[in-house]
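Each remark here refers to the structure printed beneath this line.
No value in this document is a laboratory result; all are computed from the given coordinates. Everything quoted here is computed from the prediction, not taken from an experiment. All Cβ positions, glycine included, derive from the backbone under ideal geometry; neighbour counts span all protein chains shown.
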Amino acid sequence: MDKNKIKRKFKKGLLLSGFGIVLIFVLTALFLQYGSYSEGYRAGIVMKLSKKGYIYKTYEGELNVEGINSSGGSGISSVWEFSVNSSQQDVINILNEVALNKERVKLYYEEKFIKFFWNGDTKYIVTKVERIAP
């Protein structure tokens with residue numbers, strides 16, 4: 001083999017390797033952005049909803065998840081933090097209403113693998129709100 005053939009094969013191999021690495025990186029980034037680790041819901045009272053961010057505006061909220069302690073009487077409260085994509089205006093409107101009226105709600109969410117700053121401050125992205133009858 002002459003040196004030119006070897007150089008061409010080497011360049012072709014480098015180009016294919018570089019393309020493969022970029023493709024793997026892009027597919028991994030897409031999986032982490034759009035894939036979800038878990039799905040579920042939490043019930044409670046929305047205590048706070050605020051719009052945050054310098055460039056990417058997201059809605060951040062807190063849900064008071066009430067529990068009952070082992071001695072029976074008073075409840076133990078814990079706060080669950082969540083994010084809402086700003087494109088889901090219907091979810092945001094309902095959250096604003098229920099926060100003002102102190103209504104109990106069921107928040108459906110997706111837990112993401114990684115927290116990206118354009119998705120919000122948490123890995124929990126609320127996708128649906130359901131009011132709970134008193």
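All other residues whose Cβ lies under 14 angstrom from that of LEU100 are scored, Lys and Arg at +1 and Asp and Glu at -1, for a net of +2. With the simple model of a label 7 Å out from the Cα in the direction of the Cβ, ALA43 to VAL26 spans 4.6 nm.
Seen from ASN64, the other residues with C-beta closer than 14 Å to its C-beta sum to a net charge of +1, counting Lys and Arg as +1 and Asp and Glu as -1.
Exposure proxy ranking for LEU30, LEU63, based on other Cβ atoms within 10 angstrom of each Cβ and starting from the fewest, stands as LEU30, LEU63. Where a ≥ b ≥ c are the square roots of the eigenvalues of the C-alpha gyration tensor, would you call the stretch 1-57 rounded, which needs a/c under 1.5, or, failing that, prolate if a/b is larger than b/c, or oblate? Cα axes put the stretch 1-57 in the oblate bin.
Remark on LYS48: its backbone amide H falls under 5 Å from those of GLU62, a criterion applied only to residues 5 or more positions apart or on other chains, H modelled at 1.01 Å from N. Axis of helix 89-101 versus longest Cα principal axis of the chain: the two differ by about 30°, to the nearest ten degrees. Descending by average beta-carbon neighbour count within 10 Å, the peptides 20-28, 80-88 line up as 80-88, 20-28, the highest first. Think of each Lys and Arg Cβ as +1 and each Asp and Glu Cβ as -1; about the Cα centre, that makes the dipole of the chain roughly 1300 debye. Protection proxy ranking of 96-104, 9-17, by the mean of other Cβ atoms within 10 Å over each peptide's residues and highest first, is 96-104, 9-17.
Placing unit charges on each Cβ (+1 for Lys and Arg, -1 for Asp and Glu) gives the chain a dipole about its Cα centre, and among GLN33, TYR109, PHE10 the Cα reaching farthest toward its positive end belongs to PHE10.
Of the labelled figures [x] 1.24; [y] 1.06; [z] 1.65, only one reflects Cα Rg over 2.2 N^0.38 Å as derived from the coordinates, namely [z].
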